[in-house]
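Visitor: Here you go, one structure.
The values are calculated or read from the model by the stated rules, or taken from the named source; none is laboratory data. Since the structure is predicted, the reported quantities are computational estimates derived from the model, not experimental observations. Virtual Cβ from ideal backbone geometry, glycine too; neighbours counted across all protein chains shown.
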Amino acid sequence: MAYRPATIEELAEMIREAAAHGRSLAVSGTGSRPGIGPGAADADLDLTGLGGSIDHDPGELLLTLPASTPLDHVEKLLAQSGQCLAFEPPSPDAIWGLGHGTIGGAVASGLSGPRRPFAGACRDHVLGLSGVTGRGEIFTAGGKVLKNVTGFDLPRLLTGSRGTLAVLTQITLKVLPLAPAQATLLLPADTAAKAVRIMADALMVDGGITGAAWSESEVQLRIESSSAVLPALVDAARARLPASTLIEGDASRALWAAIASLYDHAHADEIIWRCPLPANRAPALAALLPPDARLRLDWAGALAWVLLPAGAADLDVHGLVAQAAGRDGHAERLRGAASAIPARAPLEPGLAALSARVKALFDPAGILSPAAAPGGAA
Amino acid sequence: MKMPDPDAAVMARQAEIAAALSAIVPDGVIADATGVSPYGSDGLVMYRQSPLAVVLPRTTSQVSRVLAWCHANGVKVVARGSGTSLSGGALPLADGIVLGMARFNRILNVDYDNRCAVVQPGVTNLAVSQAIAHKGFYYAPDPSSQIACSIGGNVAENAGGVHCLKYGTTSPNLLGVELVLMDGTVLRLGGPGQEQAGYDLLGLVCGSEGLLGVVTEATVRILPKPATQRALLLGFPSVAYASDCVAAIIAAGIIPAGLEMMDAPAIRAAEDFVQAGYPTDVEALMIAEADGSAAEVDDQLARITTIANAHNCTHLRASTDEAQRLLFWAGRKAAFPAVGRIASDYYCVDGTIPRRQLGAVLGQISAIVARHGLGVANVFHAGDGNLHPLVMYDASVPGQTEAAEAAGAEILMACVDAGGVLTGEHGVGVEKRDLMEHQFSAIDLEVQSRLKCAFDARGLLNPGKLFPTLSRCAEMNHMHVHGGRLPFPELPRF
């Protein structure tokens, strides 16, 4: 069974009706993120029919658009004005191969790309939104200005809430200038420990670095600025860091597009785990991984990607992250067949109880993507 | 401003409450009228109310036990940092206690490799930067009250400052908190990593104005100091030229570290006060600051200069050394006390508008204050559209305080009507509480305010602030809204 509302009023009516009958809804856009999607439900709620106009005001750094807008369309539109989504939303296509998804999906999933430690996370760029709660209420939160502390910060709460609290219909984003020039330093580092040390040292100084990642043998440090200034920043970074090779312009851009979408080259059958943790705990995680696991680091080490061969489905990555980082880290399986290991670990009890209360206030009947709520099916 | 009706039964138990809390915090309960008096108001001095008692805990365990006791006994709690809120966020309640967090004054850990610091909530904003300056680091949010305001208060209000356009308000610089709920539950949200599991409850708590929990520890992001900071002083013959110049700078892809503006009355008041070298023959003055490497700063200031010259800039000076840069800022940072010298009292208003509306809204502000027979000086965080009209009045003249408040409310409504919001950085508190319905629909407010039920179902933490009404949490598990009708039309208003 599937619902496909054409207006927000229709959407609200469908949600009220589903709530009245206790019929759960799998909330989704184009279904491009199955690994972190709504999971099983009684009916699908397809939001691609909810259109609307796009209002991009480059001088105000604001973009308001329907949640159903395709993500690649958003990025092309912004590029025309020399702007971007500074949190570099990772394209789901590289992980799941089902297209680039919608801006609503990008916000609901809350994932941020390589620029996260430098420009902020997805949640820091969502200024306002409209949507419908699980009670069928049509509401607006936040605002259409850059600086706003009026009321509870629902835009942050709803970003990354995976469609379990409300259905987003319209989003206002802060958009920022795209740096006209970039270059990447490649520094040899054959262990995670060496890589994390190099990245931490590189970031001890303010030097225009907007990306710090590691794969297998090298650290990648991105530097962005205007074309007039970039050479001086690159020279300064090279002068204070170990020997490096340099790639520039489009080659650098291609590298970071690949890093943002998990290096593009995660093998087709590999299991993908995403593990945010304090950067200096990443070496401890590396030491705990079996030899056939591959490790990638982003966010200067604060985001670990663990890639496992299909046969390693029973590796308890939650346990390894907990061993490496205690309660300061966590793990989520984005891709890979169901196994005895859950995709997400349960939250600590106090947090789980609070999260369940928050969920119940938005969605008392528990109908919005119940399987995706923190802690899993209610 | 009407506060919730005090509970006479609770007030009658004042001695018993003080005694019970003294048993939890033996050296930290003030219950005599003289002792609680300094806690009677915060930075919004128009309002004053003595609490039943002031409790000054030292440990998270004490905070937890105090809250649990108050929860069990139906006693309201207002948490307070340094009491610098400009919106009345820390205004006490007659039937509640103030939980003063000043004794939580230690920096617990600085982790340069993860670029974060763990601090107690009573630490002042500036003290964080001072403690890490020797390593070349700083904490970015810099509200004007930074020598006094506390990190806990900054978290409660999602405090801003003059560098928000580039570095953000408190929320993007906050990585984690230890939070005590009203029932005494101690939770950790976030931490030294960059992302928490589950809902972004940290994001919800930041800026929740003390309604959701009490912060007992905060993990903040620290940054390496830029190698160079330089500022331009730019004068314009009209505010319209200056605001077009701001738009052109942003449209050129430049995000300056600071982009401040002052109108003629503010310029003259500031110049008279600190002799910052401001031109007094211009109608608008802009301070544009660039930071980063010397090459970046030179490049950015050169581009801003070109744009300013194309926008009728009549006065342009670049700081040549750090002393001059600080002097440029001294006038702006002293704008509030400077206005305090020319008016016996002033009321600082805080709204945000889409920048393109600046000229129109300024015209409305002039008309509004003139209608009330008052004067105004304007300072703006021009880059992000955050306005601070300073409405000048004389509290000793009958009716002028009320006139200033009325003018402030009309200014904020004009901001909302121009597509903006009621507050950019000072919070809603008691000050703007009853204006919330001008910005949000009844449903919008209901969706926000009922979140309090998840954290504080009895409504004991800072009630009467932020929302004009609070939901009845016991009824929250049912569906109430039909066809856009108000869920609780009969709810009492504060």
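Visitor: Testing B:R303 on (1) under 30 Å from B:R115 (Cβ atoms); (2) without any contact (Cβ under 8 Å) to a residue 60 or more places away in the chain; (3) touching a helix residue (DSSP H, G or I) at 6+ places or on another chain (Cβ under 7 Å), one condition comes back false. Which one is that?
Guide: Looking at each condition in turn, B:R303 falls short on (3).
Visitor: What number of residues in segment B:161-192 are within 25 Å of B:G459 (Cβ to Cβ), of a type outside the set (K, R) and either modelled with pLDDT under 95 or more than 19 Å from the chain's Cα centre (by Cα) (or both)?
Guide: 11
Visitor: Also, quick follow-up: Suppose we filter B:E405, B:E437, B:E410 for residues that are assigned to a helix (DSSP H, G or I), surrounded by fewer than 22 Cβ atoms within 10 Å (Cβ to Cβ), out of contact with any strand residue (DSSP E or B) (no Cβ under 8 Å at 6 or more places or on another chain) and more than 13 Å from chain A (Cβ to nearest Cβ); which single one remains?
Guide: Values: B:E405 fails: out of contact with any strand residue (DSSP E or B) (no Cβ under 8 Å at 6 or more places or on another chain); B:E437 fails: more than 13 Å from chain A (Cβ to nearest Cβ).
Going through B:E405, B:E437, B:E410 in turn, just one is assigned to a helix (DSSP H, G or I), surrounded by fewer than 22 Cβ atoms within 10 Å (Cβ to Cβ), out of contact with any strand residue (DSSP E or B) (no Cβ under 8 Å at 6 or more places or on another chain) and more than 13 Å from chain A (Cβ to nearest Cβ): B:E410.
Visitor: So A:L186 passes all but one of these: (1) in contact with a Gly (Cβ under 8 Å, 6 or more places away or on another chain); (2) more than 9 Å from every other protein chain (Cβ to nearest Cβ); (3) of a type in the set (A, V, I, L, M, F, W, C); (4) closer than 30 Å to A:S227 by Cα. Which condition number does it fail?
Guide: (1)
Visitor: Another question about this same structure. If a residue must be modelled with pLDDT of 95 or more and away from chain A (no Cβ under 11 Å), how many such residues does segment B:465-486 contain?
Guide: Total meeting the criteria: 1.
Yes or no, residue by residue, for (1) basic (K, R); (2) more than 8 Å from every other protein chain (Cβ to nearest Cβ); (3) more than 14 Å from A:N280 (Cα to Cα):
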| site | (1), (2), (3) |
| --- | --- |
| A:T191 | no, yes, no |
| A:L203 | no, no, no |
| A:G208 | no, no, yes |
| A:A212 | no, yes, no |
| A:E218 | no, yes, yes |
| A:L221 | no, yes, yes |
| A:S227 | no, yes, yes |
| A:A237 | no, yes, yes |
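Visitor: Being within 12 Å of chain B (Cβ to nearest Cβ), modelled with pLDDT of 95 or more and out of contact with any strand residue (DSSP E or B) (no Cβ under 9 Å at 6 or more places or on another chain): is that true of A:R123 here?
Guide: Values: within 12 Å of chain B (Cβ to nearest Cβ): yes; modelled with pLDDT of 95 or more: yes; out of contact with any strand residue (DSSP E or B) (no Cβ under 9 Å at 6 or more places or on another chain): yes.
The answer is yes for A:R123.
Visitor: Does segment B:9-53 hold any residues that are in contact (Cβ under 8 Å) with a residue 40 or more places away in the chain and in a helix (DSSP H, G or I), and which are they?
Guide: If the condition is that a residue be in contact (Cβ under 8 Å) with a residue 40 or more places away in the chain and in a helix (DSSP H, G or I), then B:V10, B:M11, B:I17, B:A20, B:L21, B:I24, B:V36, B:Y39 are the ones that fit.
Visitor: Residues that are within 9 Å of chain B (Cβ to nearest Cβ) and touching a residue at least 40 places away in the same chain (Cβ under 8 Å): list the strands (runs of 3 or more DSSP E) wholly contained in segment A:287-378 that include at least 1 such residues.
Guide: Details: elements: A:294-298, A:303-308, A:332-335.
Of the strands (runs of 3 or more DSSP E) lying wholly inside segment A:287-378, those with at least 1 residues that are within 9 Å of chain B (Cβ to nearest Cβ) and touching a residue at least 40 places away in the same chain (Cβ under 8 Å) span A:303-308, A:332-335.
Visitor: What residue, among those in segment B:203-225 that are in a loop (DSSP other than H, G, I, E, B) and more than 10 Å from every other protein chain (Cβ to nearest Cβ), is surrounded by the fewest Cβ atoms within 10 Å (Cβ to Cβ)?
Guide: So the residue we want is B:I222.
Visitor: So if I check each of B:S61, B:S85, B:S37, B:S22, which one is surrounded by fewer than 18 Cβ atoms within 10 Å (Cβ to Cβ), under 30 Å from B:V349 (Cα atoms) and among the hydroxyl-bearing types (S, T, Y)?
Guide: On the way: B:S61 fails: under 30 Å from B:V349 (Cα atoms); B:S85 fails: surrounded by fewer than 18 Cβ atoms within 10 Å (Cβ to Cβ); B:S22 fails: under 30 Å from B:V349 (Cα atoms).
Selected residue: B:S37, the only one of B:S61, B:S85, B:S37, B:S22 that is surrounded by fewer than 18 Cβ atoms within 10 Å (Cβ to Cβ), under 30 Å from B:V349 (Cα atoms) and among the hydroxyl-bearing types (S, T, Y).
Visitor: Restricting the search to segment A:79-118, which residues are of a type in the set (D, E, K, R) and crowded, with 19+ Cβ neighbours inside 10 Å?
Guide: Taking segment A:79-118 and keeping what is of a type in the set (D, E, K, R), we get A:88, A:93, A:115-116.
The answer is A:E88, A:R115, A:R116.
Visitor: Being surrounded by fewer than 21 Cβ atoms within 10 Å (Cβ to Cβ) and not in a helix (DSSP H, G or I) is the filter; apply it to segment B:265-292 and report the residue that is nearest to the other protein chains (Cβ to nearest Cβ).
Guide: Per the criteria, the residue is B:E283.
Visitor: Find the residue count for segment B:417-429, including only residues that are farther than 15 Å from A:G128 by Cβ and either facing chain A (nearest Cβ under 7 Å) or surrounded by 24 or more Cβ atoms within 10 Å (Cβ to Cβ) (or both). Before you say what the answer is, go through the steps one by one.
Guide: The initial filter retains those residues of segment B:417-429 that are farther than 15 Å from A:G128 by Cβ, namely B:417-418, B:425-429.
Restricting the remaining residues to those that are either facing chain A (nearest Cβ under 7 Å) or surrounded by 24 or more Cβ atoms within 10 Å (Cβ to Cβ) (or both) gives B:425-429.
Count: 5.
Visitor: How many residues are modelled with pLDDT under 95 and away from chain B (no Cβ under 14 Å) when one looks only at segment A:56-71?
Guide: Selection size over segment A:56-71: 0.
Visitor: Right, another one. Quick one: which strands (runs of 3 or more DSSP E) lie wholly within segment A:1-69 and hold at least 3 residues that are in the same structural domain as A:L127 (by TED's automatic domain parsing) and in contact with a Pro (Cβ under 8 Å, 6 or more places away or on another chain)?
Guide: On the way: elements: A:25-28, A:43-46, A:55-57, A:62-66.
Passing ranges, in order: A:25-28.
Visitor: Then there's this: Go through (1) within 13 Å of chain A (Cβ to nearest Cβ); (2) more than 29 Å from the chain's Cα centre (by Cα); (3) of a type in the set (A, V, I, L, M); (4) buried (at least 24 other Cβ atoms within 10 Å of the Cβ) and name the single condition B:I307 misses.
Guide: With (1) within 13 Å of chain A (Cβ to nearest Cβ); (2) more than 29 Å from the chain's Cα centre (by Cα); (3) of a type in the set (A, V, I, L, M); (4) buried (at least 24 other Cβ atoms within 10 Å of the Cβ) applied to B:I307, the lone miss is (4).
Visitor: Let me ask something additional. Given the structure, is B:T305 assigned to a helix (DSSP H, G or I), assigned by TED's automatic domain parsing to the domain that holds B:V239 and among the hydroxyl-bearing types (S, T, Y)? Steps first, please.
Guide: Working: assigned to a helix (DSSP H, G or I): yes; assigned by TED's automatic domain parsing to the domain that holds B:V239: yes; among the hydroxyl-bearing types (S, T, Y): yes.
Against the criterion (assigned to a helix (DSSP H, G or I), assigned by TED's automatic domain parsing to the domain that holds B:V239 and among the hydroxyl-bearing types (S, T, Y)), B:T305 qualifies.
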